[in-house]
Amino acid sequence: MSLGRPRSWGPWIRRCVQIACLALFILLFVNTRFREHVEPDASSHIFFHLDPLILAGTFLASYAVPVAALLALVTLAATLLFGRIFCGWICPLGTINHFVGWLRNRVRGIPDAPARWSPWQRTKYYLLIVLLVMAAFGINWIGVFDPIALLYRSMTTAVWPALQYAVEDGSTYVYQADPHIGPVHATRVTEPVYRFFRDHIFLAPRQAFLGGGLILALFAGIVLLNLVQPRFWCRYLCPAGALLGLFARRPLLLRLARRDEDCNQCGRCTIGCQGLAAPGHGNPWMAAECFACWNCVSTCNFQALRFTIEPPFRKRPVAGLDLGRRATLGAAVGGLAGLFAFRLSPQAQARAYHPGLIRPPGAREEHEFLQRCIHCGLCMKVCPTNGLQPTTFEAGLEGVWTPRLVPKIGYCQYECNLCGLTCPTEAIQPLPIEEKKRVRIGLATIDTTRCIPYAYERNCIVCEEHCPAPGKAIYAVDTEITTRDGRKIIVKQPHVDPNKCIGCGICETKCPFADRAAIRVTSANETRHPGNQPILVGIGDLEGTAQQGYGGAAAEQTGVSPYVNPYGQQ
Amino acid sequence: MSHHSRRDFLTHSARIGGALALAQMGGLAPFAAETPPAMAIAKWAGDPIADADSTALASMAVKLTEQALEAVGGMGRFVKKGDVVWIKPNMAWDRPPELAGNTNPDVVATLVKLCLNAGAKTVKVGDNPCVAAQKAYATSGIEAAAKNAGAEIIYLDENRFRKMALNGEYLSEWEVYPEIVETDLVINCPIAKHHGITQATLCMKNYMGVVGGRRNAWHQALPACLTDITRFMKPQLCVLDAVRILTGNGPQSSQLEDVARKDTVAVSADILALESFGVELLGDRPEARDIVAKAAAAGLGNPDYKALNPRELAVT
């Protein structure tokens with residue numbers, strides 16, 4: 001069954017806007033990468049800042065948002081006036097869902113029976129309530145479900161690396177095997193293709209992320225749900241859509257004008273409806289569910305439906321949004337339950353510190369960090385070494401998919417502060433580079449049972465070579481050891497100076513042990529947590545302690561303050 | 001900034017070519033004496049230049065490089081018309097020129113120009129750095145300087161290393177970057193630096209930037225591994241940048257007190273001659289000698305650089 005020729009240009013204009021917004025999203029995504037001499041600009045944040053759910057969640061959780069995030073008020077205002085045009089026209093995840101749903105209908109055929117509004121569409125409002133209640137008590141789990149954060153995280157950690165992996169490893173396989181017939185090599189074709197992608201599409205070395213498979217699976221699940229019903233995510237689950245729905249119950253200017261006398265109740269408008277907003281005969285229009293996609297208007301054979309702009313005092317029948325007092329209360333209680341579940345762990349109560357939870361430099365104290373972090377993965381995208389990885393459970397369920405440095409994969413580049421500069425909510429503070437260099441994010445420890453000059457009778461010192469700290473935090477001591485055959489030889493054994501070590505992790509990355517490094521960085525001594533500082537740094541020679549007091553001359557010398565975070569935060 | 005003009009180059013090439021041709025005809029000993037030396041050391045002898053005077057430092061680096069090259073017979077002795085040349089500086093660290101972690105960008109840019117003037121078709125500049133390449137390339141100043149001089153900047157692609165037979169005593173094969181070995185000439189152009197193990201990192205260690213794989217493991221047997229890669233690379237021309245040198249906390253420091261000025265550029269066709277000159281410059285430590293000795297035992301050159309009668313230039 002075909003819906004016939006369109007009766008309105010509305011859908012075509014909407015499609016153009018959708019494609020443009022998705023293209024812009026992808027363009028900004030590709031451009032948000034490490035580029036020397038190019039400071040990241042605010043453009044990479046546009047979609048985040050347009051998203052009122054991110055504004056609401058971050059504000060409720062932390063009472064602090066960047067000024068630019070107030071851009072979301074524009075979205076809210078537009079929603080008040082015209083309904084959920086953000087969902088129907090702007091949201092890139094909405095566009096992907098829309099496209100896949102359209103594809104489904106192309107392949108499977110458009111259903112004959114119109115899909116009815118379902119009470120399950122309220123699910124998204126309850127989810128919103130759960131999230132907002134949690135946020136009000138300081139747990140910002142908004143980003144786990146927010147469509148922009150979710151899409152960005154999935155693109156960064158899964159979709160893009162998978163694409164790059166396919167192109168790069170596929171052509172690399174051909175390159176290494178070099179199949180040819182006489183002088184005709186297969187690489188004559190594959191190499192130009194590979195170079196085109198490398199130089200014009202990917203533009204940065206391939207990244208790989210721990211747990212990226214799970215994120216990919218969840219994202220694929222959301223996309224595949226469109227096969228069950230078009231825009232499944234948007235109709236039933238999206239909490240940002242729910243928030244906009246609350247503001248779109250009775251748009252001040254937009255009206256769906258229905259001329260019942262022209263309607264033959266064919267139901268085509270309802271079949272094409274993206275939001276299950278009951279545009280057709282018999283039920284009042286559910287403005288809170290409507291994406292203003294214009295499909296209903298364009299499919300009506302009798303022009304019985306029109307979107308009109310009318311002054312606020314001209315009322316037309318609109319269905320109310322009845323969430324039910326009991327269910328609403330239940331959702332709020334659910335949010336509280338989630339709150340307690342998250343806060344039950346010893347780590348969430350700052351009684352223990354996860355050694356592997358090395359936060360990027362400038363990351364705030366853990367609670368405050370989690371109140372702001374929206375799990376979007378921007379910091380991981382721009383990290384030039386791929387060292388910033390999504391957590392799974394290192395930060396508890398509360399902090400799932402937040403950034404941590406995994407030094408065996410990549411280190412914190414000494415002269416780089418990009419993660420802080422690109423964080424859309426300043427969960428990672430945008431520290432000036434000189435300040436950033438003084439922040440300790442962890443401490444290196446030498447495993448003498450593996451370290452080559454300790455355990456295997458030969459020199460190595462790769463860690464010392466790479467240490468970027470002024471005067472080097474890793475130093476080698478010529479030490480006499482007895483070999484297996486009884487000879488005395490001198491080897492250079494590395495040691496770590498806690499006064500100088502900032503925990504950047506390049507030692508661990510570069511250690512010749514590729515499985516488990518013989519020098520490893522843990523979160524110990526991180527500047528942001530006085531409770532996690534076993535070593536009194538900055539006191540230099542212990543004998544001088546009495547005269548100097550903590551953090552005396554030696555601290556000035558290293559520029560590292562023993563207790564206090566240089567930005568006033570604990 | 002003085003340029004090595006095409007005319008200079010042509011005269012030189014003609015002279016050298018003629019001299020070589022005559023010498024080969026035999027029995028013309030007086031002409032053979034005109035064969036340029038295998039090595040030259042250009043030292044600044046003009047007015048002292050302050051560390052802060054970057055313009056004067058740059059023009060000094062250009063002069064030192066040009067005159068050192070000219071003293072060994074000009075770039076035309078090494079570059080043929082239409083050649084593809086790879087200049088391999090030390091461009092491994094995220095350090096600006098003042099901190100002497102990477103080769104002086106003006107030295108590299110001058111080499112690029114000399115190669116192009118000598119008729120090179122393409123001059124490529126690239127390294128396999130120890131930190132993110134974009135950082136090292138940019139911060140070192142080499143990317144901008146070399147590009148400006150007409151070079152093609154190559155970011156090594158980690159997917160395009162290929163295992164090659166080194167046939168060394170110790171390393172039978174290793175991942176090498178094919179694009180480098182496929183060029184007609186590789187100019188090895190390191191900066192003289194202190195190093196934690198070897199006490200000196202110079203030309204031989206600079207070759208660690210043409211290989212990939214788990215190259216860090218080489219540190220357990222540097223003399224053997226560096227000898228093997230040097231043999232494989234068949235060095236023809238090495239240029240040692242000692243305008244600034246790193247005297248401590250090498251191979252990269254973030255403190256200016258580890259940097260010293262030597263205002264010197266040395267050039268040699270014999271890698272070991274240059275290597276031992278550099279070892280001396282950095283305090284002549286036995287660990288550094290071990291590497292040179294090992295390579296000399298393998299017949300890769302003559303470490304007694306004074307025996308080569310290097311031409312010492314006082315540049316003003």
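Give just the number: which of (1) over 21 Å from A:THR522 (Cα atoms); (2) more than 21 Å from the chain's Cα centre (by Cα) does A:TYR353 not satisfy?
With (1) over 21 Å from A:THR522 (Cα atoms); (2) more than 21 Å from the chain's Cα centre (by Cα) applied to A:TYR353, the lone miss is (1).
Within the stretch A:198-237, can you find the residues that are within 26 Å of A:GLN389 (Cβ to Cβ), open to solvent by 60 Å² or more (accessible area, probe 1.4 Å), within 14 Å of chain B (Cβ to nearest Cβ) and part of a helix (DSSP H, G or I)?
Passing the criteria: only A:ARG198.
Quick one: how many residues across the stretch B:113-129 are within 19 Å of the chain's Cα centre (by Cα) and either modelled with pLDDT under 95 or open to solvent by 50 Å² or more (accessible area, probe 1.4 Å) (or both)? Full working, then the answer.
Taking the stretch B:113-129 and keeping what is within 19 Å of the chain's Cα centre (by Cα), we get B:113-118, B:120, B:122-129.
Of the ones still in play, those that are also either modelled with pLDDT under 95 or open to solvent by 50 Å² or more (accessible area, probe 1.4 Å) (or both) are B:113, B:116.
Residues meeting the conditions: 2.
Could you check the stretch A:512-530 and list, in sequence order, the residues that are open to solvent by 10 Å² or more (accessible area, probe 1.4 Å) and within 14 Å of chain B (Cβ to nearest Cβ)?
A:PRO512, A:PHE513, A:ALA514, A:ASP515 - these are the residues of the stretch A:512-530 that are open to solvent by 10 Å² or more (accessible area, probe 1.4 Å) and within 14 Å of chain B (Cβ to nearest Cβ).
Only one residue in A:CYS296, A:CYS266, A:CYS290 is in the same structural domain as A:ARG106 (by TED's automatic domain parsing), open to solvent by 10 Å² or more (accessible area, probe 1.4 Å) and out of contact with any strand residue (DSSP E or B) (no Cβ under 9 Å at 6 or more places or on another chain). Which one?
Numbers: A:CYS296 fails: out of contact with any strand residue (DSSP E or B) (no Cβ under 9 Å at 6 or more places or on another chain); A:CYS290 fails: out of contact with any strand residue (DSSP E or B) (no Cβ under 9 Å at 6 or more places or on another chain).
Answer to the check: A:CYS266.
Being surrounded by 14 or more Cβ atoms within 10 Å (Cβ to Cβ), small (Gly, Ala, Ser) and within 14 Å of chain B (Cβ to nearest Cβ): is that true of A:GLY387 here?
yes
Would you say B:ALA242 is more than 14 Å from every other protein chain (Cβ to nearest Cβ) and either outside any loop (DSSP other than H, G, I, E, B) or open to solvent by less than 10 Å² (accessible area, probe 1.4 Å) (or both)?
Values: more than 14 Å from every other protein chain (Cβ to nearest Cβ): yes; either outside any loop (DSSP other than H, G, I, E, B) or open to solvent by less than 10 Å² (accessible area, probe 1.4 Å) (or both): yes.
Answer is yes for this residue.
Go through the stretch A:395-416 and report how many residues are modelled with pLDDT under 95, in a loop (DSSP other than H, G, I, E, B) and open to solvent by 30 Å² or more (accessible area, probe 1.4 Å).
Of the residues in that region, 1 qualify.
Does B:ASP228 satisfy being within 15 Å of the chain's Cα centre (by Cα) and crowded, with 20+ Cβ neighbours inside 10 Å?
Details: within 15 Å of the chain's Cα centre (by Cα): no; crowded, with 20+ Cβ neighbours inside 10 Å: yes.
It is false that B:ASP228 is within 15 Å of the chain's Cα centre (by Cα) and crowded, with 20+ Cβ neighbours inside 10 Å.
So, of the residues in the stretch B:268-306 that are over 30 Å from A:PRO468 (Cα atoms) and either among the aromatic types (Phe, Trp, Tyr) or part of a strand (DSSP E or B) (or both), which turns out to be nearest to the chain's Cα centre (by Cα)?
Ranking the qualifying residues of the stretch B:268-306, first place goes to B:SER268.
Out of the stretch A:457-468, which residues are more than 7 Å from chain B (Cβ to nearest Cβ) and more than 12 Å from A:ILE502 (Cβ to Cβ)?
Residues of the stretch A:457-468 that are more than 7 Å from chain B (Cβ to nearest Cβ), as a first pass: A:457, A:463, A:467.
Scanning the stretch A:457-468 gives A:GLU457, A:CYS463.
Quick one: is B:LYS234 open to solvent by 10 Å² or more (accessible area, probe 1.4 Å), basic (Lys, Arg) and either closer than 21 Å to B:ILE153 by Cα or within 14 Å of another protein chain (Cβ to nearest Cβ) (or both)?
no
Out of the residues in the stretch A:354-373 meeting the condition of being in contact with a Ser or Thr (Cβ under 6 Å, 6 or more places away or on another chain) and not in a helix (DSSP H, G or I), tell me which one is surrounded by the most Cβ atoms within 10 Å (Cβ to Cβ). Break it down into steps so the answer makes sense when it comes.
Taking the stretch A:354-373 first, the residues in contact with a Ser or Thr (Cβ under 6 Å, 6 or more places away or on another chain) are A:355, A:357-358, A:371-373.
From what's left, not in a helix (DSSP H, G or I): A:355, A:357-358, A:373.
Values: A:PRO355: 16, A:LEU357: 23, A:ILE358: 29, A:CYS373: 31.
If we take residues in the stretch A:354-373 being in contact with a Ser or Thr (Cβ under 6 Å, 6 or more places away or on another chain) and not in a helix (DSSP H, G or I), then A:CYS373 is surrounded by the most Cβ atoms within 10 Å (Cβ to Cβ).
For the stretch A:241-259, check the following and say yes or no: at least one residue is open to solvent by 10 Å² or more (accessible area, probe 1.4 Å) and more than 25 Å from A:LEU80 (Cα to Cα).
No.
Return the total of residues in the stretch B:178-209 being open to solvent by less than 10 Å² (accessible area, probe 1.4 Å), of a type outside the set (A, V, I, L, M, F, W, C) and away from every other protein chain (no Cβ under 11 Å).
5
This table checks each residue for (1) among the polar types (S, T, N, Q); (2) outside the structural domain of A:GLU289 (by TED's automatic domain parsing); (3) more than 16 Å from the chain's Cα centre (by Cα).
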{"residue": "A:TYR126", "(1), (2), (3)": "no, no, yes"}
{"residue": "A:LEU132", "(1), (2), (3)": "no, no, yes"}
{"residue": "A:GLY138", "(1), (2), (3)": "no, no, yes"}
{"residue": "A:PRO161", "(1), (2), (3)": "no, yes, no"}
{"residue": "A:VAL184", "(1), (2), (3)": "no, yes, yes"}
{"residue": "A:PRO192", "(1), (2), (3)": "no, yes, yes"}
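Kindly indicate whether A:THR445 is within 22 Å of A:ARG404 (Cβ to Cβ) and open to solvent by 40 Å² or more (accessible area, probe 1.4 Å). Even if it seems obvious, please write down each step before you answer.
Details: within 22 Å of A:ARG404 (Cβ to Cβ): yes; open to solvent by 40 Å² or more (accessible area, probe 1.4 Å): yes.
Judged against the criteria, A:THR445 is a match.
Looking at the stretch B:214-222, is at least one residue touching a Leu at 6+ places or on another chain (Cβ under 9 Å) and open to solvent by less than 10 Å² (accessible area, probe 1.4 Å)?
Yes, there is a match, as at least one residue in the stretch B:214-222 is touching a Leu at 6+ places or on another chain (Cβ under 9 Å) and open to solvent by less than 10 Å² (accessible area, probe 1.4 Å).
In the stretch A:434-453, which residue that is under 24 Å from B:THR201 (Cβ atoms) and either in a helix (DSSP H, G or I) or in contact with a Lys or Arg (Cβ under 9 Å, 6 or more places away or on another chain) (or both) is nearest to the other protein chains (Cβ to nearest Cβ)?
Residue satisfying both the conditions and the ranking: A:ILE452.
Looking at the stretch A:141-177, which of its residues are within 14 Å of chain B (Cβ to nearest Cβ) and open to solvent by 40 Å² or more (accessible area, probe 1.4 Å)?
A:TYR165, A:ALA166, A:ASP169, A:TYR173, A:GLN176, A:ALA177
I'd like to check something: does the stretch A:469-481 contain any residue that is more than 12 Å from chain B (Cβ to nearest Cβ), in contact (Cβ under 8 Å) with a residue 12 or more places away in the chain and either among the polar types (S, T, N, Q) or part of a strand (DSSP E or B) (or both)? Walk me through it before giving the result.
Restricting attention to the stretch A:469-481, the residues satisfying the condition of being more than 12 Å from chain B (Cβ to nearest Cβ) are A:479-481.
When the remaining residues are screened for being in contact (Cβ under 8 Å) with a residue 12 or more places away in the chain, the result is A:479, A:481.
Filter again for either among the polar types (S, T, N, Q) or part of a strand (DSSP E or B) (or both), leaving A:479, A:481.
Yes, that holds for at least one residue.
Name every residue in the stretch B:127-143 that is facing chain A (nearest Cβ under 9 Å), among the charged types (D, E, K, R) and not in a helix (DSSP H, G or I), in order of residue number.
Matches in the stretch B:127-143: none.
Is it fair to say B:GLY212 is within 11 Å of chain A (Cβ to nearest Cβ) and out of contact with any Gly (no Cβ under 6 Å at 6 or more places or on another chain)? Before you say what the answer is, go through the steps one by one.
Details: within 11 Å of chain A (Cβ to nearest Cβ): no; out of contact with any Gly (no Cβ under 6 Å at 6 or more places or on another chain): yes.
So B:GLY212 does not fit the description; no.
Among the residues of the stretch A:105-160, which ones are farther than 25 Å from A:CYS300 by Cβ and among the aromatic types (Phe, Trp, Tyr)?
A:TRP120, A:TYR125, A:TYR126, A:PHE137, A:TRP141, A:PHE145, A:TYR152, A:TRP160
Scan (1) within 14 Å of chain B (Cβ to nearest Cβ); (2) at pLDDT below 95 for the single condition A:CYS507 breaks and write down its number.
(2)
So, B:ALA45, is that one small (Gly, Ala, Ser) and modelled with pLDDT of 95 or more or not? Outline the logic, then answer.
Values: small (Gly, Ala, Ser): yes; modelled with pLDDT of 95 or more: yes.
Yes: the conditions hold for B:ALA45.
Of A:ILE461, A:ILE519, which residue is modelled with pLDDT under 95 and of a type in the set (A, V, I, L, M)?
Details: A:ILE519 fails: modelled with pLDDT under 95.
Criteria check complete, one pass: A:ILE461.
Among (1) open to solvent by less than 40 Å² (accessible area, probe 1.4 Å); (2) modelled with pLDDT under 70, which single condition is B:ALA58 missing?
Answer for B:ALA58: the failing condition is (2).
Quick one: is B:GLY248 assigned to a loop (DSSP other than H, G, I, E, B) and within 14 Å of chain A (Cβ to nearest Cβ)?
Working: assigned to a loop (DSSP other than H, G, I, E, B): yes; within 14 Å of chain A (Cβ to nearest Cβ): yes.
Yes; evaluated as a whole, the condition is true for this residue.
The values are calculated or read from the model by the stated rules, or taken from the named source; none is laboratory data. Just so it is clear, the model here is predicted, and its values are computed rather than measured. A quick note on method: Cβ atoms are made from the backbone with ideal geometry, for glycine too, and the neighbour counts reach across all protein chains shown. Calculation scope for accessible area: heavy atoms of the full protein, side chains included, ligands and nucleic acids excluded. Shrake-Rupley method; radii C 1.70, N 1.55, O 1.52, S 1.80 Å.
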